[in-house]
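Data first, discussion second: the structure below is written as structure tokens.
The values are calculated or read from the model by the stated rules, or taken from the named source; none is laboratory data. Everything quoted here is computed from the prediction, not taken from an experiment. Ideal geometry is used to build each Cβ from the backbone, glycine not excepted, and the neighbour counts take in all protein chains shown. Note: accessible area is taken over every heavy atom of the protein model, side chains too, but ligands, DNA and RNA are not part of it. Shrake-Rupley method; radii C 1.70, N 1.55, O 1.52, S 1.80 Å.
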Amino acid sequence: LLSSAEARVVTLVGPGGIGKTHLALAVGALLSAHFADGACFVDLSDLAPQTGAECAALVAHRVAAALGIALPAGRERESLLEVLAPGRQLLILDNFEQVADARDLVATLARHATGLRILVTSRHQLGLATEWIVRLCGLPFPDTERWTPELRSAPAPSLFCELARRQQPGFDADADGVHVLRICRAVEGYPLGLVLAARWLATLSCRDVADRLCAGAHVLGEAPATLPENPRHSDMASVFDHSWRLLEPAEQQVLSALCMCRGGFTPDSALAFCGGTLTILAGLTAKSLLQPARHGRLDVHPLLRDFGERKLLHSGANGAVRDAHARHFLALLQAGHQRFEAHADTVALDALRAEQGNLRVVFDHLVSSGAIDALARLLPGLCALYRMQGWFDELAGLLQRA
């Protein structure tokens, strides 16, 4: 994109710890020789979150400092444009979510400095009409539970094994391969998740780390102390807490409610039980806190989900949100089951397969809260759904609990 004439501004978007800065530095090194004036990296990560008109001047001075020049006060935008317009250069603005209100400066530079290409890393989209988005997700990992030596070259296992050898020089990937795959799956290839999981190998076995992650233990929120290159990446709680503080209260409320879902959710379901709006859902997606899933669904990364659920638990709204979630998905299940019973409409019931995770959350909530009447309304449809999947052992376990 940066080598093309059309993409003046390219934004690497993703949550903290996904590898945006690492990728931007690699791109800068790769493309530096292709620009007559080279590549200029501007680190904004040490800035406290800024808002308002001062953002543009602050960023302009940071860019000028990286270029080795000074700008006159009051004419920062114009002076910086005079410097950059004649040249051909790649400008990398790192951690731009700190100064999101400076997006107009980026738009101005891109519009008038035709030889300039701007690569931005941010947890949020800039929202410019001319912006090209590259959304980062976790590193690919094999969709298998069986380890073979060839899997050592797959991106997520490869990174984890390299990190593991730093903790244990004699780390045997083939002996622990199954557990390496479990760890990669548990963090969905999230690079910082792999880094933090590998740190535990100085204390725990690979199997222990995998068991704890798969059981939902918050080991990544309390990783062993080290000297991280970025203090905001010292553990997952630090990463997500920074993103949390950048949200409006209404966005915090909606995100924490959505973190209780399992297996994703449709936008309509989200609006039905969390009290949000499509604008808020779009904003959370643009801020890398919701991710598009298959068939028009949205989802929350499992590592963020633990963080958000803890926020919900301490918000005072936990009970009301869980009740609303239960009412909504119970109504969906009852409607589908009634169509199935009345017209042998297996399509209606089959469509609810995507909601099995949410229905299990409802079941657990009704059991733990002793909501006998609601549980009695849930079970007929749930039994039909599980029978259709052939999940008889799991169904027997649910009925025992009920």
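Numbers for the structure displayed
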quantity: Residue pairs meeting the criteria (Cβ under 6 Å; at least 6 apart or on separate chains; first within 18 Å of Ala376 (Cα to Cα) and without any contact (Cβ under 8 Å) to a residue 40 or more places away in the chain, in the stretch 387-402; second part of a helix (DSSP H, G or I) and open to solvent by 50 Å² or more (accessible area, probe 1.4 Å)); calculated: none
quantity: Of the criteria (1) modelled with pLDDT of 90 or more; (2) within 30 Å of Asp43 (Cα to Cα); (3) open to solvent by 30 Å² or more (accessible area, probe 1.4 Å), which one Arg185 fails; calculated: (2)
quantity: Single condition Ala257 does not satisfy, out of (1) closer than 30 Å to Leu333 by Cα; (2) modelled with pLDDT under 90; calculated: (2)
quantity: Identity of the residue in the stretch 154-169, part of a helix (DSSP H, G or I) and of a type in the set (A, V, I, L, M, F, W, C), that ends up most open to solvent (accessible area, probe 1.4 Å); calculated: Leu159
quantity: Tabulated pairs, the stretch 6-17, first closer than 13 Å to Leu290 by Cα, second open to solvent by less than 10 Å² (accessible area, probe 1.4 Å) and in a strand (DSSP E or B), C-beta under 9 angstrom, 6+ apart or interchain; calculated: Val13/Val120; Val13/Thr121; Val13/Ser122; Gly14/Thr121; Gly14/Ser122
quantity: Criterion (over 18 Å from Ala7 (Cβ atoms) and open to solvent by less than 20 Å² (accessible area, probe 1.4 Å)) met by exactly one of Ala110, Ala102; calculated: Ala102
quantity: Looking only at the stretch 344-402, and only at residues there that are among the aromatic types (Phe, Trp, Tyr) and crowded, with 18+ Cβ neighbours inside 10 Å, the one that is modelled with the lowest pLDDT; calculated: Tyr386
quantity: Pairs with Cβ under 7 Å, 6+ apart, first in the stretch 56-71 and open to solvent by 20 Å² or more (accessible area, probe 1.4 Å), second charged (D, E, K, R); calculated: Ala57/Glu76; His61/Glu76
quantity: Neighbours by Cβ (under 6 Å, 6+ apart or cross-chain): first from the stretch 321-336, in contact (Cβ under 8 Å) with a residue 40 or more places away in the chain; second open to solvent by 50 Å² or more (accessible area, probe 1.4 Å); calculated: His328/Ala272
quantity: Selection within the stretch 188-214 - closer than 17 Å to Glu145 by Cβ and surrounded by fewer than 23 Cβ atoms within 10 Å (Cβ to Cβ); calculated: Glu188, Gly189, Arg207, Ala210, Asp211, Cys214
